[in-house]
Amino acid sequence: MFAVYAASPQPDDPLAALTVGTRPDPTVPDGWVRVSVKAASLNMHDLWTLRGVGIKPDQFPMILGCDGAGVLDDGTEVVLHSVIGAPSWSGDETLDPKRTLLTERHQGTFADTVVVPARNALPKPEGLSFAEGACMGTAWLTAYRMLFVKSELRPGQTILVQGSSGGVATALIQLGRAAGFRVWATGRSEEKRALASELGAHATFESGARLPERVDGVFETVGKATWSHSMKSLKPGGVIVVSGSTSGPDANAELQRLFFLQLRVVGSTMGTRDELADLLKFCAITGVRPKIGTELPMRQAEEGFKAMLAGETAGKIVFTH
C-alpha cells in the first residue's frame, strides 16, 4: 500500500529519513479494526520520529502520522484516538506507563490503511469533514485537556496562549473563545498575530511584550524562549499549563517567583478517549472547527514537512487521499 514513512533515524537531517513509497498491507489483530484513511494531520511528533526521538531504532521503517480520520470496513466514518494503552490498564490511559502513540510502536496514518484498537475509532460527527476530524486526535485533544481538564480555570477569566500559529495554539485560541474565556495570544510576526485575531483572540502581542495586566493562566508549547515571559505574565495564584517545549526544554524555573506568588505549573500530555469524545461533541454543539492552514495530497507530504520544519505554519497541515 502507499505510505509516507521514516526509513531510518536521522537526528541532524530529519527530512533525509522521509520516504514516500509503499509498505506492506497491515494485518488486523483480534480486537483491532482496519481504517481506510481519508485525511491525516501533521504534528511536531512526526518530525521527532524522523529524528529518532521516542522510537527505538529497531522500529524503523515506521509509517508516520499520529492523527487521522477515515472509514471502517462497514462504512462507518471515524476519527482516530492515537493513544494506545496496555490491554490490562484501566483509567486515564495517558498515565499508563506502557502507553504508546501511533508511530512509536504501531504504524501510523500516513498511508492507505491503518489498524487501531476498536475503542480508538470514534464515530465522526456529521458536519465535521475528514480533514477537520484528522486534526482532533493530537493538537485539538491536547488543547482541550490543557484548557478544560488541567487548568482549573473558569470561563470569563483571561488566558494567554504563547505562540499563536501552531496546531495546539490555534486550537487553544478557538476553544477558549468558544468557551467564554478572554483570550490573549503572542506571535513573532504581524501575520501570526493577525491569524490569532482571525481565530478569535481578543488581543494579540509581540512575543515577550509587556501585557496590560497579568493573566489567570498561560498555555505553553514553546518552552525556553517564552518561559520567563510566561512566569512574569501570571497573577498571584495563576497557572501555567505546559504540553510542549519546541524551543528547548531547559528554561530557568524561576523558583522564587514560583513559590512567592504561589504559582502552579501543570504538565499535560495528549488526552483520553473520553475527552476526545467530549471534544467532538463540543465542536458539534458550538460549530467551532479547526483552522487548516495547508491541505495537501498525501503524495506531496514533503512540502508540509518542510513548512513545519521552517516554522511556516498557520493552523494545521493536513494530508488527504
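The values are calculated or read from the model by the stated rules, or taken from the named source; none is laboratory data. All of these numbers come straight from a predicted model, not from anything done at the bench. Note that we place each Cβ from the backbone using ideal geometry, even for glycine, and neighbour counts take in every protein chain shown. SASA here: full protein model, heavy atoms, side chains in, ligands and nucleic acids out. Shrake-Rupley method; radii C 1.70, N 1.55, O 1.52, S 1.80 Å.
The convex hull of the Cα atoms of the stretch 182-321, projected and averaged over all directions, covers 10.2 nm².
Panel values: the stretch 212-288, Kirkwood radius from alpha carbon pairs, Stokes-Einstein at 25 °C and 0.890 mPa s, translational diffusion coefficient 176 µm²/s.
Each Lys and Arg contributes +1 and each Asp and Glu -1, all at the Cβ; summed about the Cα centre of the chain, the dipole is approximately 900 debye.
Place the peptides 34-41, 117-124, 176-183 in order of packing, highest mean first, counting for every residue the other Cβ atoms within 10 Å and averaging per peptide.
On the way: 34-41: 24.0, 117-124: 18.2, 176-183: 20.2.
Those peptides, ordered most packed to least, come out 34-41, 176-183, 117-124.
Here the accessible area of the chain is 50 percent carbon and sulfur, with a 1.4 angstrom probe and all protein chains present.
Against the main long axis of the alpha-carbon atoms of the chain, helix 273-286 sits at an angle near 70°. Computed from Cα positions, the angle between helix 190-199 and the longest principal axis of the chain comes to roughly 80 degrees. Determine the alpha carbon to alpha carbon distance for each of 38/316; 150/192; 192/306; 150/281 and list only those over 21 Å. Going by Cα-Cα distance, 150/192 fall outside the 21 Å limit. The order of 92, 30 by accessible area, most exposed first and with a 1.4 Å probe, is 30, 92. How far is helix 167-179 tilted, in degrees, relative to the longest principal axis of the Cα atoms in the chain, given as a value from 0 to 90 rounded to the nearest 10? Long axis of 167-179 versus the principal axis of the chain: about 60 degrees. Spatially, the stretch 239-281 and the stretch 204-237 are offset by 13 Å when compared through their Cα centroids.
Averaged per residue, what accessible surface does the stretch 194-238 expose to a 1.4 Å probe, in Å²?
Numbers: 2000 Å² over 45 residues.
Averaged over the residues of the stretch 194-238, the accessible area is 44 Å².
A simple packing score, the average count of other Cβ atoms within 10 Å per residue, orders the peptides 51-59, 161-169, 266-274 as 161-169, 266-274, 51-59, with the highest score first.
Rounded, prolate or oblate, given the Cα gyration tensor of the stretch 67-150, with a/c below 1.5 counting as rounded? Kindly include the intermediate steps, with their values, before the conclusion.
Details: a/c = 1.77, a/b = 1.23, b/c = 1.45.
Verdict is oblate for the stretch 67-150.
Take the Cα coordinates of the stretch 258-321, assign each an equal point scatterer, and use the Debye formula without solvent to give log10 I(q)/I(0) at q = 0.12, 0.19, 0.28 Å⁻¹. The Cα Debye sum returns log10 ratios of -0.56, -0.92, -1.05. For residue 58 and residue 284 in one chain, what is 0.36 nm times their gap in residues minus the Cα-Cα distance, to one decimal in nm? Roughly 77.2 nm would be gained on extension. The stretch 44-100 and the stretch 127-173 have their alpha-carbon centroids 19 Å apart.
Remark on the stretch 1-150: hydrodynamic radius 15.6 angstrom, per the Kirkwood mean of 1/r across alpha carbon pairs.
Report the equivalent ellipsoid semi-axes for the chain in whole Å, largest first, defined as the square roots of five times the eigenvalues of the gyration tensor built from alpha carbon atoms.
On the way: eigenvalues 206, 85, 73 Å².
Output for the chain: semi-axes of 32, 21, 19 Å.
Note on residue 291: aspartates and glutamates with a C-alpha under 17 Å away, same-chain residues under 8 apart excluded, are 67, 132, 191, 198, 312. Remark: the stretch 273-321 carries 48 Å² of accessible area per residue (probe radius 1.4 Å; ligands, DNA and RNA excluded). With bins 5 Å wide beginning at 0, the percent of Cα pairs of the stretch 72-120 falling in each bin runs 4, 19, 29, 22, 14, 9, 2.
Cross-link partners for residue 232 among the lysines, with Cα-Cα distance under 18 Å and sequence neighbours closer than 8 places in the same chain left out: 224.
Within the P(r) computed for the stretch 32-80, what percentage of the Cα pairs occupies the region above 11 Å?
Details: 826 of 1176 pairs.
That tail contains 70 percent of the Cα-Cα pairs.
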